[in-house]
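> Before I ask anything, let me first share the structure, which is written out below as structure tokens.
The values are calculated or read from the model by the stated rules, or taken from the named source; none is laboratory data. Fair warning: this is a prediction, and the values are worked out from it, not measured in the lab. Glycine gets a Cβ as well: all are built from the backbone with ideal geometry, and neighbour counts include every protein chain shown.
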Amino acid sequence: MVLAEMAEMVGMGVPSSLLKLLEKDSEVLGHMLDEFVRLVNDAQIRVFCFFESMKSDLAKLFIKKSPFKSEELIVDKDSATYPGVESLQLASDHFSLNKFGNSKDGNYVSVSNEIQATAKKAAGIIKTRQNGLSLLFHVIFHVTKVPSGF
């Protein structure tokens with residue numbers, strides 16, 4: 001929201017009803033998050049959230065060599081995570097969260113470790129889902145009587 005407000009102030013953006021939905025404590029966003037959490041839990045999807053720890057210099061976004069500084073935390077921990085999910089703060093500003101110097105970069109190592117952990121757990125999660133489906137089909141076809149010749 002900070003970026004949208006700054007863009008609007010300098011004539012580079014326009015108010016948007018979509019951005020309104022993304023405001024902190026938005027009721028619609030809250031409902032969407034609840035539904036997302038339900039779906040993730042039902043499908044047994046592992047979610048891991050990363051969030052920034054450093055403020056971003058927003059003035060430099062608009063004027064590369066700006067003598068002014070306007071530092072803001074773009075997405076705080078409360079907005080980047082939700083209860084019951086693992087998360088990790090990265091030593092980064094918002095615009096560098098997905099940029100790494102090399103494979104020894106601490107942020108790279110942290111993100112890489114979580115991707116590897118997710119990959120290792122995937123086979124077990126898939127097996128659990130398949131067992132659940134197999135049980136469901138067993139119940140459906142054995143509890144209900146299927147007419148002969150069907």
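> Is it true that LYS24 is touching a helix residue (DSSP H, G or I) at 6+ places or on another chain (Cβ under 9 Å), at pLDDT 80 or above and among the basic types (Lys, Arg)?
On the way: touching a helix residue (DSSP H, G or I) at 6+ places or on another chain (Cβ under 9 Å): yes; at pLDDT 80 or above: no; among the basic types (Lys, Arg): yes.
No, not satisfied.
> Between ALA91, ALA43, which is of a type in the set (A, V, I, L, M), within 30 Å of GLN130 (Cβ to Cβ) and touching a helix residue (DSSP H, G or I) at 6+ places or on another chain (Cβ under 8 Å)?
Working: ALA91 fails: within 30 Å of GLN130 (Cβ to Cβ).
So the residue among ALA91, ALA43 that is of a type in the set (A, V, I, L, M), within 30 Å of GLN130 (Cβ to Cβ) and touching a helix residue (DSSP H, G or I) at 6+ places or on another chain (Cβ under 8 Å) is ALA43.
> Here's a check for you: in the range 61-115, which residue that is among the β-branched types (Val, Ile, Thr) and either outside any loop (DSSP other than H, G, I, E, B) or loosely packed, with under 15 Cβ neighbours inside 10 Å (or both) is farthest from the chain's Cα centre (by Cα)?
Of all residues in the range 61-115, those among the β-branched types (Val, Ile, Thr) come to 63, 74-75, 81, 85, 109, 111, 115.
Still in the running and either outside any loop (DSSP other than H, G, I, E, B) or loosely packed, with under 15 Cβ neighbours inside 10 Å (or both): 63, 85, 109, 111, 115.
Numbers: ILE63: 29, VAL85: 10, VAL109: 19, VAL111: 13, ILE115: 14 Å.
Filtering first and then ranking leaves ILE63.
> Residue by residue through the range 28-60, note down the ones that are of a type outside the set (A, V, I, L, M), modelled with pLDDT of 90 or more and not in a strand (DSSP E or B).
Just the residues of the range 28-60 that are of a type outside the set (A, V, I, L, M), to begin with: 30-31, 34-36, 38, 41-42, 44, 46, 48-53, 55-57, 60.
When the remaining residues are screened for being modelled with pLDDT of 90 or more, the result is 31, 34-36, 38, 48-53, 55-56.
Within the range 28-60, HIS31, ASP34, GLU35, PHE36, ARG38, SER53, LYS55 qualify.
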